[in-house]
Each structure stands twice: as structure tokens, then as C-alpha cells.
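In what follows, a structure is listed as C-alpha cells, so that the remarks can point back to it.
The values are calculated or read from the model by the stated rules, or taken from the named source; none is laboratory data. Fair warning: this is a prediction, and the values are worked out from it, not measured in the lab. So basically every Cβ, Gly included, is an ideal-geometry build from the backbone, and we count neighbours across all protein chains shown.
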Amino acid sequence: MKQKKALFLIPLVLITMAIIALTSGHDNIAVADEPAENNQVPKDKMPATLKIALQKFKNLSEEEFEELFPGVDDSARVLAMAEGNDEDGYGYGFFTSPASNTEDSVVLDMDTGEVLERYNLSTDPDATTLGEIKKALRELRGE
């Protein structure tokens, strides 16, 4: 049963990653290293996914950002995954999983069915939620 659930998530994950990788640029961003007055998380304590998302999506409006994750709930867990090079360094895709999913998700070789990677977004310290990304982007834009 575990394997069927993971296999079911793979097409959704791959589509989400492809859309995000194709539609987002990679820019540098300055994030405070110390807590701000409004209780922002210091950069060195942010999950890696949150830092990467702020870099990639800082120039998008809230509506443009929403289009990248259609139908994904704010409580969904998100993990940034390096997926190759772009003009500024590494390109990233974003792997999503419902907050209620505590099982491992897998990435399979489509030809052989071999498990290439395993992820557990409920326990990965680099993961964050979609809602946390949205909140940080609003704070960055001064909203």
C-alpha cells in the first residue's frame, strides 16, 4: 500500500517541479541575518527550502506565485530539490506533499522503476510549508 501511495504522488510531484522550474528565475536576495522587529526568522535558522523559495519567487506577485501551486493547500509540505544548472548556478524544483502524509515519497527511474531518491517531507529539516513561503514573501514585499 505504501508503494502505491508514493507512486500516485510521483506524477503530481514531477508536474509541479517542471512547472516551477520552467516559470521561475533565479535571483540573489538579501535576507536579514538577525531577527527583525516583526519576528522574522533569521536567515541562518530558515529551512533551506524557504531561503531558496525567497530567492526564486521574490519578484512574483502573489497571484503569479499561486499559479505555480494550483490546488495545493497552504499546509502542504514543500522541499526544494536541485535539478541541474541554470544561468546562475543550480536550478531548483519544488517537491510537495500533503501535510498529513508522514510516509516516504520516492523518485523513480521511469524506465526501470528503480527508486532513485527517498524523501520524507514531514521530518526533513530543509522542508517548510507553502503557507510559510507565502508569509515570508509577503514580509519581503512589505505587505
Condition check: in contact with a strand residue (DSSP E or B) (Cβ under 6 Å, 6 or more places away or on another chain) and either modelled with pLDDT of 90 or more or surrounded by 16 or more Cβ atoms within 10 Å (Cβ to Cβ) (or both). Does LEU140 satisfy that? no
Within segment 96-133, work out how many residues are surrounded by 14 or more Cβ atoms within 10 Å (Cβ to Cβ) and without any contact (Cβ under 8 Å) to a residue 40 or more places away in the chain. 3
Name the residues in segment 102-116 that are at pLDDT 85 or above and either on the phi > 0 side of the Ramachandran plot or out of contact with any Lys or Arg (no Cβ under 6 Å at 6 or more places or on another chain) (or both), would you? THR102, ASP109, MET110, ASP111, THR112, GLY113, GLU114, VAL115, LEU116
Return yes when SER100 is out of contact with any strand residue (DSSP E or B) (no Cβ under 7 Å at 6 or more places or on another chain) and small (Gly, Ala, Ser) and no when it is not. yes
For SER75, which of the numbered conditions (1) more than 11 Å from the chain's Cα centre (by Cα); (2) surrounded by 13 or more Cβ atoms within 10 Å (Cβ to Cβ); (3) at pLDDT 85 or above fails to hold? (2)
